[in-house]
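Before any comments, here is the structure.
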Amino acid sequence: MEQNYTNISALLIGISTAFFGIYALHILLWRKERTRFQTLLGWIMAIWAVWNLKDIVITFQGMYTREVLNWIMLIDGWSALTFTVFISEVVQPGWMTWRKLGFLAIPFAIFTLLYTMAPEQWVIYAYVVFLWCYAWLVVIVGFVKMRHYLSYVRKNFSNIDDIDVSWLKPVFFFVIISQLSWLVISLYASVVSDIVYYVSTILLWLMVLHYSWNFRPIKVEKETELAADTMLMKIIPPILEGELERVVEEEKLYLKRDLTLADIALELKTNRTYVSNYLSHVRQQTFYDYINQLRIEKVSVPLLREHREFTLDYIAAKSGFASISTFRRAFQKQMGMTPRQFIATVSPLSLEFELLDTASNEDMAQ
């Protein structure tokens, strides 16, 4: 039974090590153009490859002991810092420095030193409690920062495909599952717990790599928040009332794929804070939703009605959307149905009646 367990463990360790190693090499050596975030992700993959490789020691004869498992657990606990670096770089790029990382590593170093001096089981249990609390703290703080980041990008950008961080929500869930399975495998080693841990870890990082492969985080600028509505109205120039809509619609600025709030402010010769406050407190929309609404109403819907031969990709591009997925989400939010469902509701017969009505109205006008 023990031999079968070590064989399965060796296989899982090998697969996991290869997974992280291959991605680390691809990002750090073969990917020529990469951001600071992608470089950090590559180094995290490399660290996890080494961390997984060290577990092979438990498959050696006579090495599967409580003392060895405790040391592996102590070392593995340090991996929580890689989650911290990753999440902080996503939601607050540039915040993490070597000095801050060193400060965060202090409790990990204390527990490691304490176990070196007093190799008692209670130290391990205390370490487990600390790691569990630390993981929840990272998730909670990360979630709050993620919401702030999302709010910022939706207020300032019309194309958020490569800067969106909504994908962090399932990542947070998988982090907790991964940490829980790691806790179980560390305290109660078994074939099942091994499989759950390595599979959940690989799935977690596969999800991260999938969503963050082309991710380029942006620095969130601090904005002054004013609570009173009267105060807010005072910092909205009266000229914005109606002028913003006129400029955006007449000049068809919404068709610009990477339109930003700063572009609109420059066009109106005003401060982007004023424009943002106008959208938030007068129109009660984010910049992202306002521009996408115009894209759907002014371009997408007419094209879907009049040109059933056009593909959704073509309509999305003509409407100013950066991707078909964003187009589908925006369309469903605005129209309450998917583009294909909308096409199905627009029958050829109804289109014929619409054209006849339009023609008769034009004749009457003449």
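The values are calculated or read from the model by the stated rules, or taken from the named source; none is laboratory data. What you see is a predicted model; the values in this text were computed from it and never measured. Neighbour counts run over all protein chains shown; Cβ positions are idealised from the backbone, glycine included. The area values use the complete protein model at the heavy-atom level, side chains included, leaving out ligands, DNA and RNA. Shrake-Rupley method; radii C 1.70, N 1.55, O 1.52, S 1.80 Å.
Somewhere in the stretch 125-133, is a residue in contact (Cβ under 8 Å) with a residue 24 or more places away in the chain and open to solvent by 50 Å² or more (accessible area, probe 1.4 Å)? For the stretch 125-133, residues in contact (Cβ under 8 Å) with a residue 24 or more places away in the chain and open to solvent by 50 Å² or more (accessible area, probe 1.4 Å): present. The set of residues in the stretch 144-164 that are farther than 24 Å from A265 by Cβ and surrounded by 15 or more Cβ atoms within 10 Å (Cβ to Cβ) comprises K145, M146. If the condition is being of a type in the set (A, V, I, L, M), in a loop (DSSP other than H, G, I, E, B) and at pLDDT below 90, then the stretch 231-278 contributes I235, I236, I239. Within the stretch 309-334, the residues that satisfy the criterion of being open to solvent by 60 Å² or more (accessible area, probe 1.4 Å), over 19 Å from F157 (Cβ atoms) and modelled with pLDDT of 90 or more are T311, D313, Y314, K318, Q332. Reported count of residues in the stretch 12-31, each being open to solvent by 70 Å² or more (accessible area, probe 1.4 Å) and either closer than 18 Å to L69 by Cα or modelled with pLDDT under 80 (or both), is 0. What are the residues in the stretch 279-298 that are in contact with a Lys or Arg (Cβ under 7 Å, 6 or more places away or on another chain) and not in a helix (DSSP H, G or I), if any? Residue satisfying the conditions is T286 alone.
Number of residues in the stretch 242-279 that are of a type in the set (D, E, K, R), over 22 Å from A330 (Cα atoms) and surrounded by 14 or more Cβ atoms within 10 Å (Cβ to Cβ): the value is 3. Report, by residue number, each residue of the stretch 37-67 that is among the aliphatic types (A, V, I, L, M) and free of Cβ contacts under 8 Å to residues at least 60 places away in the same chain. Passing the criteria: L40, I44, A46, I47, A49, V50, L53, I56, V57, I58, M63.
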